[in-house]
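Worksheet: the structure to be examined is printed underneath.
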Amino acid sequence: MKTTTTLLKGATLAALLTGAASAQTTLRGASMFDNDHAFTKTMVRFAELVEENYDGEVEFDLRLNGELGVESDYVTYLNQGVAIDYTIMAPSNMARFSPSIPLMDMPFLFRDLDHWNAVLSSDALAPLEAELLETADIVILGYTGGGVRNLVSSEPIANLDELNGHRMRVMGAPIQAQIFAALTAAPSAISYSEVYNAIQTGVIAGFENEAASIQNLKFYEVAPYVTLTRHTITVRPIVMSGKTYRDLPADLQEAVMAAGSEAGAFGRALESGEDGEKLQEMIDAGQVFVNEFEGREALLEMVVPVQDAYAAELGATELLESIRGM
Ligand code: X1X
């Protein structure tokens, strides 16, 4: 078996749009981050595992640092089968193509890491995977994630009074805005690539994110206050374009599936293990100031009716109840 993993640089996006999976099976991936981020490490591990599991020739071309845009771009590329073949993606960034998929990363879905682990080790999310394949033509190969999302802002937010009217960015899925509106904040869906500038220029006063990404993209420079709402433990599917997947030989499809599952487990252990460390590194470096949110329990009560209404609208009440009951 002869394989190579390459990081090709310098090609224009226009050139890449002419077809992602070429005859010699080069699989192009995209990361919004550099080599230090858990997503990038997980995609590198994914490539290694495919190479180990597959007897044929396959090459990986992983573009870093947002060279090919952000997740809201990636989802369009995967749907159309252009520019990239695989990536790691927040479900809430796929809402345009699949209304149910954001249920996976709905704030306050998971009680704690054990609950999150139990759900991801089960097949509870299979109906959402099926919808994504049908409506978006995107295949889920495995699940990474495990970062805890908190409020990140230019001024401290200690309690509900201070959250009231807080202008914050949320991801594009309507359920994200609905949840934070129910908490009396003033959410708006803004592209991830614009968050830093929007905070810097005062268009918004903050957003919500996990430690790995706050650190990697230096969001602390404009938003140094982290309020521990712990509202989300991230679920991040490793995804491939259905068009790419169907073009692969059967034994490479098998290798890719097995690698996605194993790389997902690798990524979950990595990011959940690093989450507290990364926050502490930023505290120690004087980059962030961390405070608890007074009365977090009240937030849970405020969001449950919003979660219920969203699930009911999707016909996913049973699914939501089964996740809650795990
Ligand atoms: O908020 C976002 O759009 C991003 O936040 C982090 O960087 C990641 O969780 C990423 O997947 C995306 O959701």
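The values are calculated or read from the model by the stated rules, or taken from the named source; none is laboratory data. A quick note: this is a predicted structure, and the numbers were derived from the prediction, not measured. Note: ideal-geometry Cβ built from the backbone for every residue, glycine included; neighbour counts use all protein chains shown.
Observations
- Apart from one condition, LEU319 fits all of (1) part of a strand (DSSP E or B); (2) under 22 Å from the mean Cα position of the chain (by Cα); the exception is (1).
- Within the set ALA250, ALA255, ALA265, the sole residue that is within 30 Å of GLU292 (Cα to Cα) and surrounded by fewer than 24 Cβ atoms within 10 Å (Cβ to Cβ) turns out to be ALA265.
- Within the stretch 279-298, restricting attention to residues that are out of contact with any helix residue (DSSP H, G or I) (no Cβ under 8 Å at 6 or more places or on another chain) and part of a helix (DSSP H, G or I), the residue that is nearest to SER153 (Cα to Cα) is ILE283.
- The number of residues in the stretch 219-235 that are touching an Asp or Glu at 6+ places or on another chain (Cβ under 8 Å) and either closer than 18 Å to ASN79 by Cα or surrounded by fewer than 20 Cβ atoms within 10 Å (Cβ to Cβ) (or both) comes to 1.
- Within the span defined as the stretch 48-57, every residue fails to be under 15 Å from THR144 (Cα atoms), touching a strand residue (DSSP E or B) at 6+ places or on another chain (Cβ under 8 Å), assigned to a helix (DSSP H, G or I) and touching a residue at least 12 places away in the same chain (Cβ under 8 Å).
- Selection over the stretch 111-140 of residues that are crowded, with 21+ Cβ neighbours inside 10 Å, touching a Ser or Thr at 6+ places or on another chain (Cβ under 7 Å) and outside any helix (DSSP H, G or I) gives a count of 1.
- In the stretch 146-238, counting only helices (runs of 4 or more DSSP H) that sit wholly within it, the ones holding 3 or more residues that are within 12 Å of the ligand (Cβ to nearest atom) span 211-216.
- Hits in the stretch 65-102 - residues which are farther than 17 Å from LEU133 by Cβ and without any contact (Cβ under 8 Å) to a residue 24 or more places away in the chain: ASP73
- Taking first residues from the stretch 170-182 that are more than 13 Å from PHE207 (Cβ to Cβ) and of a type outside the set (A, V, I, L, M) and partners that are surrounded by fewer than 24 Cβ atoms within 10 Å (Cβ to Cβ) and at pLDDT 95 or above, the Cβ contacts under 6 Å between residues at least 6 apart in sequence or on separate chains come to GLN178/VAL306.
- Of all residues in the stretch 107-151, those being touching a residue at least 60 places away in the same chain (Cβ under 8 Å) and of a type in the set (Lys, Arg) number 1.
- Scanning the stretch 64-99 for residues that are more than 16 Å from the ligand (Cβ to nearest atom) and part of a strand (DSSP E or B) turns up nothing.
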